[in-house]
Amino acid sequence: DAKTTQPTSMDCAEGRAANLPCNHSTISGNEYVYWYRQIHSQGPQYIIHGLKNNETNEMASLIITEDRKSSTLILPHATLRDTAVYYCITKAGWAGGTSYGKLTFGQGTILTVHP
Amino acid sequence: EAQVTQNPRYLITVTGKKLTVTCSQNMNHEYMSWYRQDPGLGLRQIYYSMNVEVTDKGDVPEGYKVSRKEKRNFPLILESPSPNQTSLYFCASRFPWRGTDTQYFGPGTRLTVL
């Protein structure tokens, strides 16, 4: 799995878009980009994932650069409940052996949404 | 509702007293795993199971056991807990399509070993 680099913390005003960057410059061609978040010691929650194309679901949008070396998670209208630690993770789609299923969480970005 | 449940949610125990943390999922997932989370160390995988009767060690298996007798349940067993196993524990199960890693996590079990 490629190493990911995220800012330690970010702030966002309620109602505004939160744009969380992630650098994964060593990502390989078969690795997906996943985003999870963890709200105050609750279990991590899956948000979105992508391989090459931009993706959108009911929670967020994921923008992946054309060279795939970085990505941005966008929460279009952040609310106070979006305050959490956001993790960017890369993982090969067909990882075998002991890597199968294991998610490697880094330190993530602490997003604070303020009124 | 699709979910992963863990019990107990909070537990305070003493060194050496065997305990079991249960984990159950209702999504018919084949893959289940246990993580522990400690300040500054992030989430680390303890054990995982790819299917019934198939389990294997993760990154930090020492002091833990698991079993997978049914697809829905994956209990974590601490035969002789020690204070360094004080941690926040999460069970997770994985959508079975091998192409991606969408995982569902339980609410967590906060364990304190005195």
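The values are calculated or read from the model by the stated rules, or taken from the named source; none is laboratory data. What you see is a predicted model; the values in this text were computed from it and never measured. Every residue, glycine as well, gets a Cβ built from its backbone with ideal geometry; the counts of neighbours run over all protein chains shown.
Per-structure values
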{"item": "Cβ-Cβ under 6 Å pairs, at least 6 apart or on other chains, the stretch A:20-31 side surrounded by fewer than 19 Cβ atoms within 10 Å (Cβ to Cβ), far side in a loop (DSSP other than H, G, I, E, B) and at pLDDT 90 or above", "result": "A:Ser25/A:Lys69"}
{"item": "One residue from B:Thr5, B:Thr22, B:Thr15 being part of a loop (DSSP other than H, G, I, E, B) and touching a residue at least 24 places away in the same chain (Cβ under 8 Å)", "result": "B:Thr15"}
{"item": "Scan of the stretch B:17-31 for residues that are more than 13 Å from B:Tyr89 (Cβ to Cβ) and either within 14 Å of chain A (Cβ to nearest Cβ) or hydroxyl-bearing (Ser, Thr, Tyr) (or both), ordered by number", "result": "B:Ser24, B:Gln25, B:Met27, B:His29, B:Glu30, B:Tyr31"}
{"item": "Failed criterion for A:Ser41 (all others in (1) under 21 Å from B:Ser93 (Cβ atoms); (2) in contact (Cβ under 8 Å) with a residue 40 or more places away in the chain hold)", "result": "(2)"}
{"item": "Selection count, the stretch A:1-17, where residues are out of contact with any Leu (no Cβ under 8 Å at 6 or more places or on another chain) and of a type in the set (A, V, I, L, M, F, W, C)", "result": "2"}
{"item": "Within the stretch A:6-115, strands (runs of 3 or more DSSP E) holding 1 or more residues that are more than 14 Å from the chain's Cα centre (by Cα), facing chain B (nearest Cβ under 10 Å) and on the phi < 0 side of the Ramachandran plot", "result": "A:84-92"}
{"item": "Failed criterion for B:Ser24 (all others in (1) surrounded by 18 or more Cβ atoms within 10 Å (Cβ to Cβ); (2) over 12 Å from the mean Cα position of the chain (by Cα) hold)", "result": "(2)"}
{"item": "Failed criterion for A:Tyr86 (all others in (1) in contact with a Lys or Arg (Cβ under 7 Å, 6 or more places away or on another chain); (2) of a type outside the set (A, V, I, L, M, F, W, C); (3) at pLDDT below 95; (4) under 22 Å from B:Gln37 (Cβ atoms) hold)", "result": "(3)"}
{"item": "When residues of the stretch B:33-62 are limited to those that are part of a loop (DSSP other than H, G, I, E, B) and touching a Phe, Trp or Tyr at 6+ places or on another chain (Cβ under 7 Å), the one farthest from the other protein chains (Cβ to nearest Cβ)", "result": "B:Pro61"}
